[in-house]
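Have a look at the structure below before the remarks.
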Amino acid sequence: VVVIGGGFGGATCARYLRKADPGIAVTLIETKKNFVTCPFSNLVLGGLRTMDSITHGYGGLTALGVDVVNGTVTRIDPAAKKVALAGGKTISYDRLVVSPGIGLKWDAINGYGEKASQAMPHAWQAGPQTLLLRKKIEAMRNGGLVIIASPPNPFRCPPGPYERASMIAHYLKRHKPKSKILILDSKDMFSKQGLFVDGWNKLYPGMIEWVPAAKGGTVKAVDAKKMIVETELDKHKAAVANIIPPQAAGAIALASGLADEKGFCPVDFKTFESKIHAGIHVIGDSAVAGALPKSGFAASSEGKMAAVAIVAALRGETVEDASFVNTCYSLVGPTYGISVAGVYRIDEKGIVEVPGAGGVSPKDAGDAFRQDEAKYAFGWYASIAADIWGAT
């Protein structure tokens, strides 16, 4: 089995394939030598975590017998069951797992592209962009305006832009208290909205303003040189602009014809096998996974399910219906956590949420409850990182 992508989905799948059947040879192909997680990258912006603390190597996987190849896949040949790497090397597979994360639609916002992202970072693929955005916030004058442009659905980590606003506000409150944050949104509602707004009012009163799509929040164009962010109704001058563009499946998934006209990859919900190319499983942010959100937790869960399905297929066995869970913690402040949890099952409509089986943090919770949820957030990150990349 060959796995493309060493993030939450791919690394989990590689690990659990080896755990399920050590007789299966597993090769993991990843462009970067270390993986930097988007979960908790917002905490780097807020000064609560370092980049080193969200950076993970692949020693734990090699210890399990996974062959980790540092390289970039340039082509998938579904008929020959081979992948080609930059430099000319090819690797054959019996089953292929594609977990490339997201791709950014550079042409979706007029004036915004890869070059503009150096002036207006997206920081939605953690690493150098995270550091760039943090440096710009640190260099901003006290009283400057930070603009966050939140993308339309579907996109990676639905609560992410709003946790980011919270963490930037935490930093600004301590170091540049005259500054403001303006969230320009392509949507009219967002994940955990009531909980975030209550937290903002309590911790950062008057600092964060949210503009929904219905009131002119959708960003149409930017001028990276003049730091202008333009909507249908207004033009805003930013000291720092965090432009998060619309998203699609990762580049190799698009190039290999695994995506549909909407830009994401349709899969069999029981096995995550592509509906377009047999023998290829697509997991994580690139997959169309019904009601499952595009989160690190969900990607890891999908990686485990795909591993079970692949082992069963190689053994000629059937796969039982799967059930899924997703838990997402967000920090509004260092000791102020909120969460959403969901339970999902497969029916004739696909992967659907089980009514009443999950939910969000209580709206009227006290300080002790919010402090506990913040602790759970840190515990969740440590636990899932150890499960995916940690030692055996």
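Are any residues in region 66-98 open to solvent by less than 40 Å² (accessible area, probe 1.4 Å) and closer than 17 Å to Lys19 by Cβ, and if so, which ones? Those that are open to solvent by less than 40 Å² (accessible area, probe 1.4 Å) and closer than 17 Å to Lys19 by Cβ: Val66, Val97.
Could you tell me whether Gly358 is within 24 Å of Ile168 (Cβ to Cβ) and either among the β-branched types (Val, Ile, Thr) or surrounded by 15 or more Cβ atoms within 10 Å (Cβ to Cβ) (or both)? When the stated conditions are applied, Gly358 does not pass them. A Cβ distance below 8 Å, combined with a sequence gap of six or more or placement on separate chains, defines the contacts here; from region 370-392, residues that are closer than 14 Å to Gly6 by Cα reach residues that are part of a loop (DSSP other than H, G, I, E, B) in the pairs Ala385/Thr37; Trp389/Gly57; Trp389/Tyr58.
The set of residues in region 303-350 being of a type outside the set (Val, Ile, Thr), farther than 16 Å from Ala289 by Cα, within 22 Å of the chain's Cα centre (by Cα) and open to solvent by 30 Å² or more (accessible area, probe 1.4 Å) consists of Tyr329, Pro334, Ala341.
Take Ser256 and tell me if it is in contact (Cβ under 8 Å) with a residue 24 or more places away in the chain, surrounded by 16 or more Cβ atoms within 10 Å (Cβ to Cβ) and in contact with a Ser or Thr (Cβ under 9 Å, 6 or more places away or on another chain).
It is false that Ser256 is in contact (Cβ under 8 Å) with a residue 24 or more places away in the chain, surrounded by 16 or more Cβ atoms within 10 Å (Cβ to Cβ) and in contact with a Ser or Thr (Cβ under 9 Å, 6 or more places away or on another chain).
Asp107 passes every criterion in (1) more than 24 Å from the chain's Cα centre (by Cα); (2) closer than 30 Å to Lys220 by Cα; (3) among the acidic types (Asp, Glu) apart from (1).
Taking the criterion of being in a helix (DSSP H, G or I), surrounded by fewer than 21 Cβ atoms within 10 Å (Cβ to Cβ) and in contact (Cβ under 8 Å) with a residue 40 or more places away in the chain, would at least one residue in region 163-173 satisfy it?
Yes, region 163-173 contains a residue that is in a helix (DSSP H, G or I), surrounded by fewer than 21 Cβ atoms within 10 Å (Cβ to Cβ) and in contact (Cβ under 8 Å) with a residue 40 or more places away in the chain.
Residues that are out of contact with any Phe, Trp or Tyr (no Cβ under 9 Å at 6 or more places or on another chain) and closer than 16 Å to Thr31 by Cβ were ranked within region 102-126; the one that is surrounded by the fewest Cβ atoms within 10 Å (Cβ to Cβ) is Gln125.
Scanning region 361-373 for residues that are more than 17 Å from Asn326 (Cα to Cα), surrounded by 11 or more Cβ atoms within 10 Å (Cβ to Cβ) and in contact with a Ser or Thr (Cβ under 9 Å, 6 or more places away or on another chain) yields Phe369, Arg370, Gln371. When Thr218, Thr231 are screened for being open to solvent by 10 Å² or more (accessible area, probe 1.4 Å), more than 20 Å from Ser179 (Cβ to Cβ) and out of contact with any helix residue (DSSP H, G or I) (no Cβ under 8 Å at 6 or more places or on another chain), only Thr218 passes.
Can you tell me which residue in region 285-299 is nearest to Phe269 (Cα to Cα), limited to those that are over 11 Å from the mean Cα position of the chain (by Cα) and surrounded by 24 or more Cβ atoms within 10 Å (Cβ to Cβ)? Looking at the filtered set, the residue picked out is Ala289. Note on region 175-201: residues that are basic (Lys, Arg), on the phi < 0 side of the Ramachandran plot and either surrounded by 14 or more Cβ atoms within 10 Å (Cβ to Cβ) or in contact (Cβ under 8 Å) with a residue 60 or more places away in the chain (or both) amount to 3. From (1) surrounded by fewer than 20 Cβ atoms within 10 Å (Cβ to Cβ); (2) under 18 Å from the mean Cα position of the chain (by Cα); (3) under 17 Å from Gly101 (Cα atoms); (4) hydroxyl-bearing (Ser, Thr, Tyr), pick out the condition that doesn't hold for Thr37. Just one mismatch for Thr37, condition (1). In region 5-16 there is no residue that is among the charged types (D, E, K, R), closer than 30 Å to Tyr204 by Cα and more than 18 Å from the chain's Cα centre (by Cα).
The values are calculated or read from the model by the stated rules, or taken from the named source; none is laboratory data. It should be emphasised that the depicted structure is a prediction, and the values quoted were computed from it without experimental measurement. FYI the Cβ positions are ideal-geometry reconstructions off the backbone, even for glycines, and counts take in every protein chain you see. Each accessible area value is taken on the protein alone, full model and side chains, heavy atoms only, with ligands, DNA and RNA left out. Shrake-Rupley method; radii C 1.70, N 1.55, O 1.52, S 1.80 Å.
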